[in-house]
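Everything below concerns the one structure shown next.
The values are calculated or read from the model by the stated rules, or taken from the named source; none is laboratory data. Quantities reported herein were computed from a predicted structural model and do not represent experimental measurements. As a convention, Cβ positions derive from the backbone with ideal geometry for all residues, glycine included, and neighbour counts pool all protein chains shown.
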Amino acid sequence: MQKAWFYEEYGPKEVLKLGDFLIPSPLHNQLLVQVRAAALNPIDFKRRQRPIFPSDFPTVPGCDMAGIVVGKGGGVTKFDIGDEVYGNIQDFNAEGKLKQLGTLAEFIVVEESLVATKPKNISFEEAASLPLAVQTAVEGFKTAGFKEGQTVFVVGGAGGVGTLVVQLAKHMYGASHVVATCSTPKVEFVKSLGADEVVDYTKTRYEDIEEKYDFLYDTIGDCKNSFVVAKDEAPIVDITWPPSHPRAVYSSLTVSGDDLEKLRPYLESGKLKALIDPTGPYTFGDVIEAFRHLETGRAKGKVVIFPFPSHHLPSCVPSESKNKITSEMFPQKLSAPSPTLNAVE
Ligand SMILES: NC(=O)c1ccc[n+]([C@@H]2O[C@H](COP(=O)([O-])OP(=O)(O)OC[C@H]3O[C@@H](n4cnc5c(N)ncnc54)[C@H](OP(=O)(O)O)[C@@H]3O)[C@@H](O)[C@H]2O)c1
């Protein structure tokens, strides 16, 4: 058995409960990972609050994790037992659903294509903070067709995604000038990420900014106001749905381990840093408090869950599920999953 956070109804963070789950078995192309650290993202509470991107109940929330491979399916080629990996485990399946067993669990299963080897110079907490946010940040530059030497204006430079957008703009995509917005207490923090200029949005309105930019990257969904800082033909990317201005293009992440692998040189050289919200990391037992903080909308970098309980894997857990039934992942006290779900997972 393992411990996992789960909910069986939509609602506020108080619907989250800690319960006993059996440890899942990896399918042919999956790894069984002992989670050492996880990170929260707004999608984790949005899909708990209402039925967007649904998965059946009970739902264990969580997309991001870093951990150690403790089992694998027979078709796995890139990873071995003992490898340290990280990734966003939540890719949509053919039915548009996400996994029922997310990363707020001691053990998870994940397709090997969705994870990458954790760079040795970063901790489990740092690695867990990266996947979903950095995949989103990268995709925005692709959506915009961003070119080296262009200027970029980042709305929301201090959040989980924004901290990475600023760093990527400066240190990976070769932006000639990076401007980012945040509130007064975070100005020095955002400067430290490499922003050439920081606009304190509590003191300066977008209309009062004279300069116009080649790319407007809005991470908070304020395009209806922020669009004025973009040059006439400049791409405007909004990562919130629906985009709040007719010129804005919605950009959504691609979930891929290979994309994380491409960031390795930047993480190893220290050009790209994981930023963990200083109110954390929150222990595994403190998940509700971690959600409370994320849901204020004031997170500085990423809200991380660490440490996890580090139980040894019971020797009876098979390395590959011989059948496709993954009912082991459900708390025994709850009703058995439907057969269609098993095929999905
Ligand atoms: N499309 C996708 O694939 C995708 C992927 C990931 C996230 N998202 C969405 O993108 C949004 C951001 O995600 P996130 O993880 O970065 O959230 P987050 O970490 O919760 O963002 C918090 C940050 O937002 C900043 N902020 C709030 N209001 C602001 C304003 N008016 N101007 C400037 N900054 C402001 C806050 O800074 P201050 O305290 O200084 O205000 C805080 O640092 C969420 O809605 C999320 O659901 C979409």
Quick check on residue 20: is it of a type in the set (Asp, Glu) and either free of Cβ contacts under 8 Å to residues at least 12 places away in the same chain or in contact with a helix residue (DSSP H, G or I) (Cβ under 6 Å, 6 or more places away or on another chain) (or both)? no
For the condition at pLDDT below 95 and not polar (S, T, N, Q), what is the one hit in 130, 98? 98
For the stretch 262-290, name all the residues that are surrounded by 14 or more Cβ atoms within 10 Å (Cβ to Cβ) and over 19 Å from residue 304 (Cβ atoms). 264, 266, 271
Is it true that some residue in the stretch 52-61 is among the β-branched types (Val, Ile, Thr), in the same structural domain as residue 115 (by TED's automatic domain parsing) and in contact with an Asp or Glu (Cβ under 9 Å, 6 or more places away or on another chain)? yes
Qualifying positions in the stretch 71-100 - surrounded by 17 or more Cβ atoms within 10 Å (Cβ to Cβ) and of a type in the set (A, V, I, L, M, F, W, C): 76, 79, 85, 89, 98
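Each row is one residue, and each column tells you yes or no for (1) crowded, with 23+ Cβ neighbours inside 10 Å; (2) more than 17 Å from the chain's Cα centre (by Cα).
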residue: 123; (1), (2): no, no
residue: 133; (1), (2): yes, no
residue: 137; (1), (2): yes, no
residue: 145; (1), (2): no, yes
residue: 149; (1), (2): no, yes
residue: 156; (1), (2): yes, no
residue: 159; (1), (2): yes, no
residue: 162; (1), (2): yes, no
For the stretch 78-92, which positions are out of contact with any Leu (no Cβ under 7 Å at 6 or more places or on another chain) and assigned to a loop (DSSP other than H, G, I, E, B)? 78, 80, 81, 82, 83
Quick check on my filter: what residues within the stretch 212-226 are closer than 18 Å to residue 166 by Cα and either of a type in the set (Asp, Glu) or surrounded by 15 or more Cβ atoms within 10 Å (Cβ to Cβ) (or both)? 213, 214, 215, 216, 217, 218, 219, 220, 221, 222, 223, 226
All but one of (1) more than 16 Å from the ligand (Cβ to nearest atom); (2) out of contact with any Lys or Arg (no Cβ under 8 Å at 6 or more places or on another chain) hold for residue 154; state the number of the condition that does not hold. (1)
Subset tally (residues that are in contact with a Ser or Thr (Cβ under 9 Å, 6 or more places away or on another chain), part of a loop (DSSP other than H, G, I, E, B) and closer than 22 Å to residue 266 by Cβ) for the stretch 181-195: 1
Cβ contacts < 8 Å: first residue outside the structural domain of residue 191 (by TED's automatic domain parsing), restricted to the stretch 146-161; second residue assigned to a strand (DSSP E or B) and within 16 Å of the ligand (Cβ to nearest atom), any location; separation 6+ or different chain. Result? none
(1) farther than 28 Å from residue 67 by Cα; (2) in contact with a Gly (Cβ under 8 Å, 6 or more places away or on another chain); (3) away from the ligand (no atom under 12 Å from the Cβ) all hold for residue 147 apart from (2)
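When only residues in the stretch 246-259 that are under 16 Å from residue 155 (Cα atoms) and surrounded by fewer than 19 Cβ atoms within 10 Å (Cβ to Cβ) count, which is nearest to the ligand (Cβ to nearest atom)?
Applying the first criterion (under 16 Å from residue 155 (Cα atoms)) to the stretch 246-259 yields 247-251.
Filter once more, so that each one left must be surrounded by fewer than 19 Cβ atoms within 10 Å (Cβ to Cβ): 247, 249-250.
On the way: 247: 17, 249: 11, 250: 7 Å.
Restricting to residues being under 16 Å from residue 155 (Cα atoms) and surrounded by fewer than 19 Cβ atoms within 10 Å (Cβ to Cβ), the top hit is 250.
Pick out, from the stretch 1-61, the strands (runs of 3 or more DSSP E) lying fully within it that include 1 or more residues that are within 16 Å of the ligand (Cβ to nearest atom) and modelled with pLDDT of 95 or more.
30-39
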It is to be established whether one or more residues within the stretch 260-282 are within 11 Å of the ligand (Cβ to nearest atom), more than 14 Å from the chain's Cα centre (by Cα) and among the small types (Gly, Ala, Ser). no
Exactly one of these conditions fails for residue 50: (1) charged (D, E, K, R); (2) exposed (fewer than 15 other Cβ atoms within 10 Å of the Cβ); (3) within 16 Å of residue 297 (Cβ to Cβ). Give me its number. (3)
Restricting the search to the stretch 198-215, which residues are within 14 Å of the ligand (Cβ to nearest atom) and assigned to a strand (DSSP E or B)? 198, 199, 200
Identify all residues within the stretch 114-145 that are among the aromatic types (Phe, Trp, Tyr) and either in contact with a helix residue (DSSP H, G or I) (Cβ under 6 Å, 6 or more places away or on another chain) or not assigned by TED's automatic domain parsing to the domain that holds residue 29 (or both); write none if there are none. 141
Return yes when residue 75 is in a loop (DSSP other than H, G, I, E, B) and within 19 Å of residue 160 (Cβ to Cβ) and no when it is not. no
